[in-house]
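The values are calculated or read from the model by the stated rules, or taken from the named source; none is laboratory data. This structure is a prediction, so every number in the text was calculated from the model and none was measured. Note: ideal-geometry Cβ built from the backbone for every residue, glycine included; neighbour counts use all protein chains shown. Ligands, DNA and RNA are stripped out before the accessible areas are found, and what is left, the full protein with its side chains, is counted by its heavy atoms. Shrake-Rupley method; radii C 1.70, N 1.55, O 1.52, S 1.80 Å.
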Amino acid sequence: MVKEGNYVVIKTKNEELKGLLLKSQNPEKFVIKLTSGYNFSINKKDVVKLDIIKPEKEEKEFKKPEIQKNPKLKKVLILHTGGTIASKVDYKTGAVSPSFSNEDMLKMFPEIKDIVNIDSKFFGNIFSEDINFNHYNLLAKEIKNNLNYDGIIITHGTDTMHYTSAALSFILEDLVIPIILVGAQRSSDRGSSDSFQNLFSACQFISKSDFSGVAICMHENMNDDSCLILPGLRTRKLHTSRRDAFKAINVKPIAKVKDNSIEILNHDYPKRDRKDKNNLNLKLFEDPKIGILKTHPNMKKEEISMYSKFDGLIIEGTGLGHMPINKVDKLTLENELIFKELEKLSKKIPVVITSQCIFGRVNLNVYSTGRKLQEIGILGNLSDMTTETAFIKLAWLISNYPKDVRKMIDKDLKGEISRRTSEDFI
Ligand code: GLU
């Protein structure tokens with residue numbers, strides 16, 4: 001019987017794949033780590049043949065290191081959710097769940113034991129694109145159960161890491177410890193991997209700072225020697241493969257970690273100034289249907305009306321937050337229909353506009369287009385939230401404050417909107 005940790009050759013009608021069988025969250029799929037280091041999932045029903053083979057690179061028996069905890073160091077829990085960062089661990093040990101143990105982590109990252117005492121816990125092995133609101137709730141409950149730690153690091157696939165960090169920022173009320181999400185753009189079994197530096201820097205930051213909120217720790221640039229601590233509600237993945245893919249949007253990063261020291265870049269962050277850890281309150285997600293629609297030339301009214309059964313909609317507008325709603329000649333008749341559909345929809349559900357520019361602020365006061373959108377109740381004016389944070393916030397407000405969504409969406413609740421644009425972003 002094939003099991004996780006086996007090296008396998010899987011044949012489907014179209015291809016042959018060789019690699020290590022990983023734990024799969026979906027019983028209908030196999031997940032294998034290919035020899036290239038990438039994880040790949042295959043529908044079980046497409047498998048024509050599956051053979052267990054010997055690994056090409058067999059590891060010498062690994063002697064478990066003696067883990068001695070240093071009582072002077074802070075205690076950090078590493079919660080593994082999956083993604084590229086977890087990959088070397090799987091690849092090298094040949095067994096999946098145990099590879100998330102303290103021993104495996106310290107084998108991969110021995111320097112960490114000089115900075116913090118770690119405990120390691122398997123939460124899941126899931127591609128971050130498969131994560132949904134239910135996972136946010138489960139993660140938040142896991143955090144609440146582990147407040148005896150001085151900090152928690154969540155290893156996470158990078159694709160939706162900024163959604164998860166935004167979700168946790170809203171769910172966890174009165175958080176008194178740092179929660180740092182860490183990912184990797186290159187798997188640990190590649191020479192160019194960023195996983196060590198990212199994880200190591202998160203440990204450094206927890207050990208040396210008084211931060212108590214949700215943040216992301218990833219590479220600052222293409223050199224493998226510094227990381228940034230990025231605000232959980234104001235960060236975005238901006239590159240498919242570069243190690244410095246994550247950038248803070250419209251605000252400065254919280255800190256830089258380099259050469260065993262931290263430099264605070266933005267002092268406006270939640271501090272560990274409250275003592276009572278038991279006050280942590282969870283405001284969890286329900287499962288509202290929220291869409292994200294990107295505005296584009298030649299839009300059709302059906303793109304708006306298809307959301308009529310949804311609970312909320314984020315529209316990524318052009319520029320300052322615009323949409324094609326003006327009938328200016330006989331070629332633009334559709335725009336009038338779009339406007340009517342928008343008016344109907346925004347009476348029914350909250351419709352929030354953000355900007356596809358990514359950087360900058362929505363301003364619906366400048367052009368007549370923006371003023372017309374305001375008149376029909378489109379929300380989001382003067383906000384500088386990212387589309388992803390607006391999406392998470394709208395879902396969270398609908399889950400927790402259904403009657404006050406329209407009042408609350410444009411108010412800064414947790415640092416997700418800046419009152420004034422910092423000079424660095426004008
Ligand atoms: N797409 C996957 C994810 O986000 C793998 C890439 C990564 O870990 O960064 O989980």
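If only one of ILE325, ILE358 is closer than 30 Å to PHE285 by Cβ and not polar (S, T, N, Q), which one is it?
ILE358
If you check ILE177, ILE154, which single one turns out to be within 16 Å of the ligand (Cβ to nearest atom), in contact with a strand residue (DSSP E or B) (Cβ under 6 Å, 6 or more places away or on another chain) and either open to solvent by 10 Å² or more (accessible area, probe 1.4 Å) or not in a helix (DSSP H, G or I) (or both)?
Selected residue: ILE154, the only one of ILE177, ILE154 that is within 16 Å of the ligand (Cβ to nearest atom), in contact with a strand residue (DSSP E or B) (Cβ under 6 Å, 6 or more places away or on another chain) and either open to solvent by 10 Å² or more (accessible area, probe 1.4 Å) or not in a helix (DSSP H, G or I) (or both).
Which of the residues belonging to segment 125-141 are within 16 Å of the ligand (Cβ to nearest atom) and either surrounded by fewer than 16 Cβ atoms within 10 Å (Cβ to Cβ) or farther than 23 Å from HIS162 by Cβ (or both)?
Once the filter is applied, which keeps residues that are within 16 Å of the ligand (Cβ to nearest atom) and either surrounded by fewer than 16 Cβ atoms within 10 Å (Cβ to Cβ) or farther than 23 Å from HIS162 by Cβ (or both), segment 125-141 yields GLU129, ASP130, ASN132.
If you check LYS92, LYS72, LYS88, which single one turns out to be of a type in the set (D, E, K, R) and at pLDDT 90 or above?
Checking each option against the conditions leaves just LYS72.
Quickly run through segment 355-401 and pick out the residues that are within 28 Å of GLU173 (Cα to Cα), of a type in the set (Val, Ile, Thr) and touching a strand residue (DSSP E or B) at 6+ places or on another chain (Cβ under 7 Å).
Scanning segment 355-401 gives ILE358, VAL362, THR386, THR387, ILE398.
Out of all the residues in segment 125-151, which are outside any loop (DSSP other than H, G, I, E, B), within 18 Å of GLU388 (Cα to Cα) and within 13 Å of the chain's Cα centre (by Cα)?
Matches in segment 125-151: SER128, GLU129, ASP130, PHE133, HIS135, TYR136.
Residues in segment 301-323 that are open to solvent by 90 Å² or more (accessible area, probe 1.4 Å) and in contact with a helix residue (DSSP H, G or I) (Cβ under 9 Å, 6 or more places away or on another chain): how many?
Selection size over segment 301-323: 1.
Output yes when any residue across segment 161-170 is open to solvent by less than 10 Å² (accessible area, probe 1.4 Å), away from the ligand (no atom under 16 Å from the Cβ) and not in a helix (DSSP H, G or I), and no when none is.
no
Of these, ASN260, ASN281, which one is surrounded by fewer than 14 Cβ atoms within 10 Å (Cβ to Cβ) and on the phi > 0 side of the Ramachandran plot?
Exactly one residue qualifies, and that residue is ASN260.
For segment 217-242, how many residues are open to solvent by 40 Å² or more (accessible area, probe 1.4 Å) and in a strand (DSSP E or B)?
Residues that pass the stated criteria total 1.
Restricting attention to segment 243-252, which residues are farther than 17 Å from GLN197 by Cα and either part of a loop (DSSP other than H, G, I, E, B) or touching a Phe, Trp or Tyr at 6+ places or on another chain (Cβ under 7 Å) (or both)?
ILE249, ASN250, VAL251, LYS252, listed by residue number.
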